[in-house]
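One structure is given here, and the rest of the page talks about it.
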Amino acid sequence: QVQLQESGPGLVKPSQTLSLTCPVSGVSIRSETYYWSWIRQPAGKGLEWIGRVYNTGYTNYNPSLMSRVTISVDTSTNQLSLSLYSVTAADTAIYYCARGPGRDSGEAFDIWGQGTTVTISP
Amino acid sequence: QSALTQPPSVSGSPGQSVTISCTGSSSDVGYYNRVSWYQQPPGTAPKLIIYEVSNRPSGVPDRFSGSKSGNTASLTISGLQAEDEADYYCSSFTSSVTWEFGGGTKLTVL
């Protein structure tokens, strides 16, 4: 059973860097041909795809965030990471990690973590 | 403002059918069959219910079905049940090699 669990600080100051990790269990990132994504959702609003990463480190990003974001994988610890730089209050949201999208996940986000709330505030 | 347009809300009585639309463009929904749908009850993470326009993951009831015509994808829920009350989101691959979501539709079971 594949499981994802986001973790990181719940409060980040404006202009600083938001850093989250997502350990993956039940599947090896190194040996399986899946992409892994980060998605966020401001309170009461819709979903926004941030970007995805493959086990080689290959990435695709949302153009609206590309200049401020880095997504990476660590195959030795079987986890993916998100770094969002120079944050503002507009980055306050629930952040989800998810498997996909890609050919082996039906071109969809087929498994999601439970999400972690990040607030940007002094 | 979301690139994919969904109605903010739909409603139906138990046993009825409802359809939620997701309108994009020829650069996303209209060109690729990489449209998926997600169900999100309050306070929970989204759950995949339809992938590649019309395929259901294992465990998703066949009351949920998906289709596409031109630039618009649709999710139909037949035999509405109280447990179907949730927010529903569509998603599509784009020609820019990105993924976008619709703004979400709140389903109310009357």
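Any read-out appearing in this document is the output of simple, stated calculations on the displayed coordinates, not a laboratory observation. Fair warning: this is a prediction, and the values are worked out from it, not measured in the lab. Glycine also receives a Cβ, built like all others from the backbone with ideal geometry; neighbour counts cover every protein chain displayed.
Averaging over every viewing direction, what projected area does the convex hull of the Cα atoms of the range B:13-67 cover, in nm²? Over every viewing direction, the Cα hull of the range B:13-67 projects on average to 4.8 nm². Compactness check for chain B: Cα Rg over 2.2 N^0.38 Å is 0.99. The lysines within cross-link reach of residue B:68, meaning a Cα-to-Cα straight distance under 21 Å and a gap of 8 or more places when in the same chain, are B:47, B:106. Largest mean-square fluctuation among B:28, B:84, B:62, in a Gaussian network model of chain B whose springs join Cα atoms under 10 Å apart, belongs to B:62. The range A:36-86: which chymotrypsin sites (Phe, Trp or Tyr not before Pro) are DSSP loop and have at most 15 other beta-carbon atoms within 10 angstrom? Listed in order of number, the matching sites are A:54, A:58, A:85.
Each residue of the range A:12-26 was assigned a 3J(HN,Hα) from its phi angle through the Karplus curve 6.51 cos²θ - 1.76 cosθ + 1.60 (θ = phi - 60°); the sequence is 10, 7, x, 6, 8, 9, 8, 10, 10, 10, 9, x, 10, 10, x Hz, with glycine and proline shown as x.
Note that the protein assembly as shown shows a convex hull volume over its alpha carbon atoms of 113 Å³ per residue. Applying the Karplus relation 6.51 cos²θ - 1.76 cosθ + 1.60 with θ = phi - 60° to the range A:28-45 yields 3J(HN,Hα) values of 8, 4, 5, 9, 9, 9, 10, 8, 9, 10, 10, 9, 10, 8, x, 3, x, 10 Hz, where x marks Gly and Pro. The alpha-carbon atoms of the range A:1-76, seen along their principal axes, cover 37, 24, 24 angstrom, with the largest extent given first. With a 10 Å cut-off around each Cβ of A:47-53, the average count of Cβ atoms from other chains is 4.
Taking amide H positions as modeled 1.01 Å from N, with prolines and chain starts lacking one, the residues under 5 Å from residue B:50 and 5 or more places away or on another chain are B:37. Pairwise alpha-carbon distances in the range A:52-112 exceed 16 Å for 52% of all pairs.
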